[in-house]
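Chemist: Sharing a structure below in structure tokens format, with a few things to ask.
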Amino acid sequence: MRAATDTMRCYDRALSRMSRRELLNIAWKLGAAAVLQPLAPVTAFAQPAFRNYPFALGVASGDPWADSVVLWTRLAPEPFVGGGMPTANVEVQWEVAGDRPFRSIVRSGTTVARPELGHSVHVEAGGLSPAREYWYRFRCGGEVSQIGRTKTAPAAGLPVDRLRFGVCGCGHYETGHFTAYGHVADEAFDFIFHTGDYIYEGRRDTGRNPNNVRQHHGQEIYTLVDYRNRYAQYKSDPHLMAAHHSAPMIVTWDDHEVDNDYAGDLDERDTPPEVFLLRRAAAYQAYFETMPLRASAMPTGPHLSLYRRLRFGNLIDLNVLDTRQYRSKQACAAIADPACRSAALDPARSMLGAAQEQWLFKNLGEPAATWTVLGQQVPTFARDNRGTNPEAPLSMDKWDGYAAGRQRLYRRLADAKTPNPIVLSGDVHTHWCADLKTDFANPKSATVGVEFTNTSVTSGGDGSEAQPNWERLHADNPHLTYHSNRRGYVACTATAQSMQADFRVIDKVTVRDAPIRTAATRVVQAGRPGSQP
Ligand code: FE
Ligand code: CA
């Protein structure tokens with residue numbers, strides 16, 4: 001009640017400054033349509049008065065092109081209780097400058113934050129120069145946002161000396177401090193790729209895990225407002241905010257942005273699909289509202305088109321994939337079930353869905369840069385004990401559970417002679433480097449590319465130095481060239497000659513501000529598939 005009263009008080013102050021026409025329009029939006037003209041043009045609330053800072057969730061940028069970038073914020077003076085905004089359109093001013101003190105403003109404009117989208121804004125700031133740093137900010141109701149740094153992509157096809165990007169994902173709010181995001185911010189990357197599990201949907205843990213450093217608000221999330229509030233709790237973290245303020249983020253999702261291990265229109269509790277899709281629609285809308293995505297990602301009911309291609313000069317051709325929305329259901333839940341292994345080989349089962357697979361395979365045949373990067377969520381590399389134990393279980397939620405789809409992908413990479421494939425993935429909360437084989441059971445088979453799997457930002461807690469069963473696992477899987485059970489992220493450096501992955505780790509996420517270190521480096525030479533120390 002307090003929040004609602006405060007909101008109305010701020011709203012009343014704003015109303016007192018409005019013209020009669022604006023008042024009529026707002027009154028109509030509040031439900032007084034019977035006594036007003038419903039055809040009055042919709043005007044936006046130009047000067048709202050805020051009792052609390054409206055930019056509590058920070059700012060973000062994303063999906064850099066050579067001439068434009070998405071600028072994001074969401075007005076939320078009461079971030080944890082729906083946002084605290086009046087149900088009216090509100091004008092937001094934005095500015096892009098060529099320097100941090102904003103002495104040279106190169107682009108500016110006004111956009112409208114709408115209640116239908118939780119008062120989020122997604123400005124596609126155009127007319128920018130390629131491969132350039134910019135700084136941006138928003139203004140609303142006399143308040144000024146934080147300043148974000150962003151960077152445009154180098155023009156497609158043109159030479160670029162070097163690009164540095166971070167790969168991170170799986171930040172569970174309860175299981176640790178987001179220190180890794182803070183270190184990502186310090187790197188001031190050209191861009192950050194997020195592999196998903198940006199939030200976790202579970203209820204507040206009330207003591208089951210004694211190592212948790214903080215708690216979710218409330219129950220498991222189901223409704224649009226639930227998802228908004230959960231995103232708000234995560235985005236209020238200063239380290240996550242700093243990461244966004246440091247560089248453009250290119251996002252994809254995994255399962256926890258909706259529900260654990262969901263597949264297409266099915267969750268893991270056998271909820272009727274038409275019911276689960278209501279939840280998916282709420283989750284997808286909140287995702288769009290929260291992320292710096294272009295208008296092309298505007299959801300339609302339970303559908304959101306997330307797969308897309310971004311180009312960075314002649315160096316990186318990035319295909320961002322969605323392995324959740326269109327996938328077939330996991331072959332089984334009991335991963336040790338021998339029948340499961342053959343089910344995983346069924347060519348009818350798909351990880352990408354037919355349309356995305358066609359789109360990707362077409363792109364792979366029209367390479368546009370030295371490095372062809374597939375940015376996605378669940379590992380494609382095989383991780384099993386096939387060598388010594390053919391009956392060993394596979395994880396059916398990863399590409400291991402969609403082995404026919406993986407073979408199609410790898411065969412396409414080989415047949416199309418796609419240059420220097422690099423796969424990025426997350427989800428498994430441990431670092432991996434893997435050489436991707438046309439036949440993982442045969443170490444002599446061709447290597448089609450290399451995969452860098454980032455560990456989690458926090459999920460799983462502190463982790464450990466010991467790598468359980470690594471010797472045995474490596475003996476069975478000689479294509480695995482690195483593993484770490486610590487938290488952190490991957491820092492990648494691409495040049496015309498090589499792609500280097502620095503596996504960055506933090507010893508503890510249960511204490512604040514632990515330092516970062518590079519635990520290992522793996523390098524791929526252009527034209528020579530496979531990773532070396
Ligand atoms: Fe995760
Ligand atoms: Ca996951």
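Read-outs throughout are calculated quantities, based only on the coordinates presented, and are distinct from any laboratory measurement. On a predicted model such as this, the values are computed, not experimentally measured, just so you know. Methodologically, a virtual Cβ is constructed for each residue, glycine included, from the backbone with ideal geometry; neighbour enumeration extends over all protein chains shown.
Chemist: Using the crude model of +1 on Lys and Arg Cβ and -1 on Asp and Glu Cβ, and no other charge, please compute the dipole size for segment 46-135 relative to its Cα centre, in debye to 20.
Modeler: 200 debye
Chemist: Let me ask something else about it. Within the chain, what is the number of lysine pairs with alpha carbons under 23 Å apart, leaving out pairs fewer than eight places apart on the same chain?
Modeler: On the way: Lys151/Lys235; Lys235/Lys508; Lys329/Lys398; Lys362/Lys417; Lys362/Lys437; Lys398/Lys437; Lys417/Lys437; Lys417/Lys444.
Close lysine pairs under the 23 Å cut-off: 8.
Chemist: Can I ask one more? Length gain on complete extension for the stretch Glu220 to Gln358, per 0.36 nm per residue less the alpha carbon to alpha carbon distance?
Modeler: Between Glu220 and Gln358, full extension yields 46.1 nm more.
Chemist: Run the paramagnetic zone check for Gln407: 7 angstrom along Cα to Cβ, then residues of segment 327-359 with backbone nitrogen under 16 Å.
Modeler: Only 340-351 pass the distance filter.
Chemist: Here's another thing I want to ask about it. Classify segment 178-237 from the C-alpha gyration tensor, please: rounded if a/c falls under 1.5, else prolate or oblate depending on whether a/b exceeds b/c.
Modeler: Oblate, since a/c reaches 1.5 and b/c is not below a/b.
Chemist: For Ala520, which sequence-distant residues (separation of 5 or more, or a different chain) have an amide H within less than 5 Å of its own amide H, given hydrogens modelled in the peptide plane?
Modeler: Amide H neighbours of Ala520: Phe503.
Chemist: In whole Hz and in residue order, list the ³J(HN,Hα) couplings for segment 244-260 that follow from phi through the Karplus curve 6.51 cos²θ - 1.76 cosθ + 1.60, θ = phi - 60°; x for Gly and Pro.
Modeler: In residue order, the calculated couplings are 4, 6, 8, 6, x, 10, 10, 10, 9, 10, 10, 7, 6, 5, 10, 7, 3 Hz.
Chemist: Rounded to two decimals, what ratio of Rg to Rh does the chain give with C-alpha atoms and a Kirkwood Rh? Kindly include the intermediate steps, with their values, before the conclusion.
Modeler: Working: Rg = 23.7 Å, Rh = 24.1 Å.
That ratio equals 0.98.
Chemist: Per residue, how much space in cubic angstrom lies within the convex hull of the C-alpha atoms of segment 287-416?
Modeler: Looking at segment 287-416, the number lands at 131 Å³ per residue.
Chemist: Ok, one more. Considering the options Ser395, Pro478, Gly148, tell which one lies farthest towards the positive end of the dipole of the chain, charges being +1 on Lys and Arg and -1 on Asp and Glu at the Cβ, about the Cα centre.
Modeler: Ranked along the dipole, the leading option is Gly148.
Chemist: Can you bin every Cα-Cα distance in segment 130-174 into 10 Å intervals starting at zero and give me the percent of pairs per bin, rounded to whole numbers?
Modeler: In order of increasing distance, the bins hold 18, 31, 31, 19, 3 percent.
Chemist: Please turn the phi angles of segment 77-92 into ³J(HN,Hα) values with the Karplus equation 6.51 cos²θ - 1.76 cosθ + 1.60 (θ = phi - 60°), one per residue in order, whole Hz, x for glycine and proline.
Modeler: With coefficients 6.51, -1.76 and 1.60, one gets x, 10, x, 8, 10, x, x, x, 9, x, 7, 8, 5, 9, 7, 10 Hz.
Chemist: Between segment 95-139 and segment 220-237, what is the C-alpha centre distance in whole Å?
Modeler: So the two Cα centres are separated by 25 Å.
Chemist: Which value, in debye to the nearest 20, gives the size of the charge dipole of segment 223-278 about its Cα centre, when Lys and Arg are +1 and Asp and Glu are -1 at the Cβ?
Modeler: It works out to roughly 500 debye.
Chemist: Follow-up question, since we're still on this one. Using the Kirkwood formula over every pair of different C-alpha atoms, what hydrodynamic radius in Å results for segment 234-352?
Modeler: Working: mean 1/r = 0.0608 Å⁻¹.
Averaging 1/r across every pair of different Cα atoms and inverting gives 16.4 Å.
Chemist: Residue farthest toward the positive end of the dipole of segment 162-532, with Cβ of Lys/Arg at +1 and Asp/Glu at -1: which of Gln497, Val457, His172?
Modeler: Comparing the listed Cα positions along the dipole, Gln497 ranks first.
Chemist: Under 5 Å between amide H atoms, partner at least 5 residues away or on a different chain: which partners does Ser350 have, H built in plane at 1.01 Å?
Modeler: The list, which skips near neighbours in sequence, is Ser328.
Chemist: Let me know the charge dipole size of segment 162-532 about its Cα centre in debye, to the nearest 20, where only the beta-carbon of Lys, Arg (+1) and Asp, Glu (-1) is charged.
Modeler: 840 debye
Chemist: What is the packing order of peptides 471-478, 106-113, taking the mean over residues of other C-beta atoms within 10 Å and listing the highest first?
Modeler: On the way: 471-478: 14.8, 106-113: 16.2.
Most protected by this proxy first, the peptides run 106-113, 471-478.
Chemist: Follow-up question, since we're still on this one. Report the full-extension gain for the segment Phe102 to Ala414: residue separation times 0.36 nm, less the Cα-Cα distance, to one decimal in nm.
Modeler: Separation in residues times 0.36 nm, less the Cα-Cα distance, equals 107.5 nm.
Chemist: Roughly how tilted is helix 273-290, in degrees to the nearest 10 and between 0 and 90, from the longest Cα axis of the chain?
Modeler: It is inclined by approximately 70 degrees.
Chemist: Once both labels are modelled 7 Å past Cα along the beta-carbon direction, what's the Tyr53-Gln500 spacing in nm?
Modeler: The two pseudo-label positions are separated by 3.7 nm.
Chemist: How large is ³J(HN,Hα), in whole Hz, for each residue of segment 323-333 in order, when computed from phi with the Karplus curve 6.51 cos²θ - 1.76 cosθ + 1.60 and θ = phi - 60°, using x for Gly and Pro?
Modeler: 9, 10, 5, 10, 6, 6, 5, 3, 4, 6, 8
Chemist: Here's another thing I want to ask about it. With a cut-off of at most 11 other beta carbons within 10 Å, and DSSP calling the residue loop, which GluC sites (Glu not before Pro) in segment 86-183 qualify? Please list them.
Modeler: none
Chemist: Run through all the Cα pairs of segment 156-299 and give the fraction in each 10 Å bin from 0, expressed as whole percent.
Modeler: Calculated over all Cα pairs of segment 156-299, the distribution is 11, 37, 34, 14, 4, 0 percent.
Chemist: Using only the alpha carbons of segment 67-168, determine the length spanned along each of the three principal axes and report them from longest to shortest in whole angstroms.
Modeler: Principal axes ranked by extent give 49, 33, 20 Å for the Cα atoms.
Chemist: For labels at Thr518 and Thr271 in the simple 7 Å Cα→Cβ model, what's the distance in nm?
Modeler: Result: 4.4 nm between the two label points.
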